[in-house]
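I have placed the structure first, in the form of structure tokens, so that the comments after it can refer back to it.
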Amino acid sequence: MAIEDDKYILQVEGLYVNYGNFVAVNNVKFEVLKGEIFGLLGPNGAGKTSTLSAIEGLLKFKNGTIIVDGQDVQKKPLHARASMGVQLQSTSFQPELNVVQILQLFSGVYGVPMSKDQIKGTLKDINLEDAATKKFGQLSGGQQQRVSLVIATIHNPRLVLLDEPTTGLDPQSRRQLWERIEAIREKGHAVLLTTHSMEEAEAVCDRIAIIDHGRVIAIDTPQSLIDKHRDEPEVIAVSRRGKVTLEDVFIALTGSAVRA
Amino acid sequence: METVIPKTSTVFITLLRADLATLFSNRRSVIISLLVPVIILISWKGMIPQMGGPFALSTAITIGLMAIGLMGYTISISRDRDKGIFQRLRVAPVPGWAIMASRISIQLVMIMILTLAVFIVGFEYDKIALSAQGYLLTFAVAILGGAVYLSLGQLIVGLVKNPETVNATTRLTYFLFMMVGMFGEMGALGPQVKQGVHWSPYGSVKLMLAASMDPVKWNNDTTATVLVSLGYVIIFAGIGIKNFKWNTK
């Protein structure tokens with residue numbers, strides 16, 4: 001693998017993750033370009049979160065290589081993590097700490113300590129200046145997402161990982177989050193996100209990979225995937241209202257059966 | 001461009017500050033750790049001339065150490081693991097040992113507060129005074145005693161993942177150690193139980209503490225309990241750390 005290849009911010013090659021006899025991720029390979037918004041899509045249990053966890057260094061994998069900004073996540077985990085900002089699927093912070101204390105904690109652990117005034121300025125930017133002394137659990141879902149996203153980007157990382165960031169958000173909050181994701185890209189960061197929302201993938205992702213049963217089964221831009229598969233009988237069979245969407249392609253490729 | 005990782009000392013101080021803020025926000029836990037030892041000292045006032053000051057103070061500190069190790073440390077680790085708080089920290093450039101070292105350092109602060117509170121109540125209410133050497137040695141031995149119960153707590157969170165089961169296990173262990181320890185030591189549960197309690201985590205910690213308050217009475221038996229306590233720490237912590245998982249999934 002060309003570690004020195006500077007057009008990629010993330011390179012995943014031959015990734016294999018298993019839990020006992022269950023193979024969650026099988027020979028997964030993809031790259032994320034610098035400044036790109038890349039979506040990882042798949043049904044429940046397809047291997048999205050396991051792939052993301054391996055990139056984040058939360059689980060050890062036996063085979064494969066993951067390079068983040070030139071750093072091997074297994075050989076130099078702290079360096080790799082310093083290059084990443086992460087928003088987990090269900091983020092939780094110490095319930096005793098208020099928003100200011102949480103930001104102080106994470107700015108410190110990422111090595112960019114912030115003063116109270118800087119934190120107030122940051123909270124003002126995300127319209128949360130009134131929530132400074134509130135505990136994280138007292139915030140609404142949308143407010144929690146905004147705080148989590150600020151923490152994920154607090155150290156100006158080159159790669160931001162977002163695991164199902166819009167789950168549970170109302171349409172207004174979701175749209176607002178998409179704008180914030182676009183803003184992250186405009187600052188030159190790359191974003192890798194997982195989502196179940198095809199609408200979200202079409203709206204914000206430059207490229208997507210569809211993963212199923214632990215394998216990447218398609219990888220391209222959303223429009224190219226639609227164009228490539230629009231005439232396939234499986235896609236036509238599942239399409240509704242005569243217009244082929246990314247969701248139709250997704251269902252045709254991964255099957256109609258509901259996953260656990 | 002070279003990736004810069006934050007200094008471990010900066011990370012550790014930041015974690016420590018957050019954990020201290022968490023500790024002092026959670027006043028109920030602090031009060032529970034101090035309440036039982038203080039109640040013991042107050043309720044035993046009339047019996048202290050017969051049992052001796054070191055006996056009363058060492059019992060109070062031992063029970064406080066059990067509360068800190070079993071209830072404070074164990075339950076907070078179990079809760080934070082279940083809520084994903086550790087996972088959020090672990091995706092940052094934070095070494096795992098720094099997260100745990102910060103948590104343990106906070107419990108050391110609690111051990112110091114407990115020991116000081118017991119000394120103050122013992123002196124003010126029960127008129128128990130120790131030599132300067134006794135006070136200093138007791139602080140040091142309280143840390144070793146605290147390590148026994150912290151490692152026991154680590155053993156529990158290492159072997160049990162479900163936070164409700166951890167909660168029930170620690171409460172049961174705390175209650176059993178306290179009741180069997182206190183009554184067994186007095187001989188109320190028979191000579192065999194008394195002998196068992198003597199070498200148990202309860203008995204060995206209490207004996208070390210009592211001897212440290214009156215250093216002239218330190219003997220081979222006391223040294224043996226120090227070694228036994230160290231053995232408990234190594235075994236409990238070894239198994240607890242080896243089996244510990246950062247998440248419950």
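The values are calculated or read from the model by the stated rules, or taken from the named source; none is laboratory data. As the structure is a computational prediction, the values presented were derived from the model and not from experiment. Heads up, the Cβs are rebuilt from the backbone with ideal geometry, glycines too, and the neighbour counts pull from every protein chain shown. The area values use the complete protein model at the heavy-atom level, side chains included, leaving out ligands, DNA and RNA. Shrake-Rupley method; radii C 1.70, N 1.55, O 1.52, S 1.80 Å.
Which of A:GLY35, A:GLY137, A:GLY20 ends up with the largest GNM mean-square fluctuation for chain A, with Cα atoms connected below 10 Å? Ranking A:GLY35, A:GLY137, A:GLY20 by mean-square fluctuation puts A:GLY20 first. Measuring spread by the Cα atoms of the range A:143-260 yields a radius of gyration and Dmax of 15.7, 48 Å. Over all Cα pairs of the range A:92-156, how is the pair count split among 10 Å bins, expressed in % and running from 0 up to the last occupied bin? Reading the bins upward from 0: 24, 63, 13.
With the biggest extent put first, the Cα atoms of chain B measure 71, 36, 34 Å across the principal axes. Compared with the dominant principal axis of the Cα atoms in chain B, helix B:132-159 is inclined by about 50°. If a/c stays under 1.5 just call it rounded; otherwise compare a/b with b/c (prolate if a/b is bigger, oblate if not). Do that for the range B:83-133, with a ≥ b ≥ c from the square roots of the Cα gyration tensor eigenvalues. Cα axes put the range B:83-133 in the prolate bin. Axis of helix B:27-43 versus longest Cα principal axis of chain B: the two differ by about 10°, to the nearest ten degrees.
Amide H contacts under 5 Å for A:VAL160: A:GLY85, A:ALA190, A:VAL191, A:LEU192, restricted to partners 5 or more places along the chain or on a different chain, H placed in the peptide plane at 1.01 Å from N. For the peptide B:73-79, the mean number of other protein chain Cβ atoms found within 10 angstrom of a residue's Cβ is 1.
Annotation for the range B:99-177: trypsin sites (Lys or Arg not before Pro) lying in DSSP loop with at most 15 further Cβ atoms inside 10 Å of their Cβ are B:LYS127. Assign one of three labels to the range B:65-183, namely rounded, prolate or oblate, based on the Cα gyration tensor with a ≥ b ≥ c the square roots of its eigenvalues; rounded applies when a/c is under 1.5, prolate when it is not and a/b is larger than b/c, and oblate otherwise. Verdict is oblate for the range B:65-183. By accessible area, using a 1.4 Å probe on protein heavy atoms only, chain B has 69% of its surface on carbon and sulfur. Around the amide H of A:ILE208, modelled in the peptide plane, lie the amide H atoms of A:GLY39, A:ASP220, A:THR221, all under 5 Å away and 5 or more residues distant in sequence or on another chain. Over the Cα atoms of the range A:57-185, what is the Rg over Rh ratio if Rh follows Kirkwood? Looking at the range A:57-185, the ratio lands at 0.98. Helices in the protein assembly as shown, meaning DSSP H runs of at least 4 residues, each add -39500 (n - 2.57). Divided by all residues, the mean residue ellipticity at 222 nm is -18000 deg cm²/dmol. With semi-axes defined as the square roots of five times the eigenvalues of the C-alpha gyration tensor, the equivalent ellipsoid of the range A:204-260 measures 17, 16, 9 Å, largest first. The angle between the Cα long axis of helix B:96-124 and the longest principal axis of the Cα atoms of chain B comes to about 30 degrees, rounded to the nearest 10. A:GLY188 sits among other residues whose Cβ lies under 12 Å from its own Cβ, and their net charge, with Lys and Arg +1 and Asp and Glu -1, is +2.
Only beta bridges with both residues in the range A:117-260 are counted; by DSSP, about 50 percent of them are antiparallel.
Ordered by solvent-accessible area of protein heavy atoms (1.4 Å probe), largest first, the residues A:HIS189, A:HIS196, A:HIS213 come out as A:HIS213, A:HIS196, A:HIS189.
Under a 5 Å amide H cut-off, with hydrogens placed 1.01 Å from N, A:LEU10 pairs with A:VAL32, A:ASP69 among residues at least 5 apart or on other chains. Taking B:TYR149, A:TYR19, B:TYR174 and ordering them by how much accessible surface each has at a 1.4 Å probe, largest first, produces A:TYR19, B:TYR174, B:TYR149. Taking Cα centre as origin and charging only the Cβ of basic (Lys, Arg, +1) and acidic (Asp, Glu, -1) residues, the dipole magnitude of the range A:97-206 rounds to 520 debye. Across the protein chains, with a 1.4 Å probe defining accessible surface, the residues B:PHE55, A:PHE30 rank B:PHE55, A:PHE30 from largest area downward.
All C-alpha to C-alpha distances of chain A, sorted into 10 Å bins beginning at zero, yield P(r) values of 7, 29, 34, 22, 7, 1 percent in whole numbers.
Give, as a single signed number, the net charge of other residues whose beta carbon lies under 11 Å from the beta carbon of B:SER102, with Lys and Arg counted +1 and Asp and Glu -1. That works out to +1. Projecting the Cα atoms of A:GLN223, B:THR170, B:PRO54 onto the charge dipole of the protein assembly as shown (Cβ charges, centred on the Cα centre) puts B:PRO54 farthest toward the positive pole.
Among the residues of A:92-100, the average count of other protein chain beta-carbon atoms within 10 Å of the residue beta-carbon is 6. Note on the protein assembly as shown: Rg/Rh from Cα positions, Kirkwood definition for Rh, rounded to two decimals, is 1.09.
If you wrap the range B:14-122 in the convex hull of its Cα atoms and look at it from every side, the mean projected area works out to 7.1 nm². What the phi angles of the range A:10-17 give under the Karplus curve with 6.51, -1.76 and 1.60, with θ = phi - 60°, is a coupling list of 9, 10, 10, 9, x, 6, 9, 10 Hz, glycine and proline written as x. For A:ASP248, the solvent-accessible surface with a 1.4 Å probe is about 10 Å², rounded to the nearest 10.
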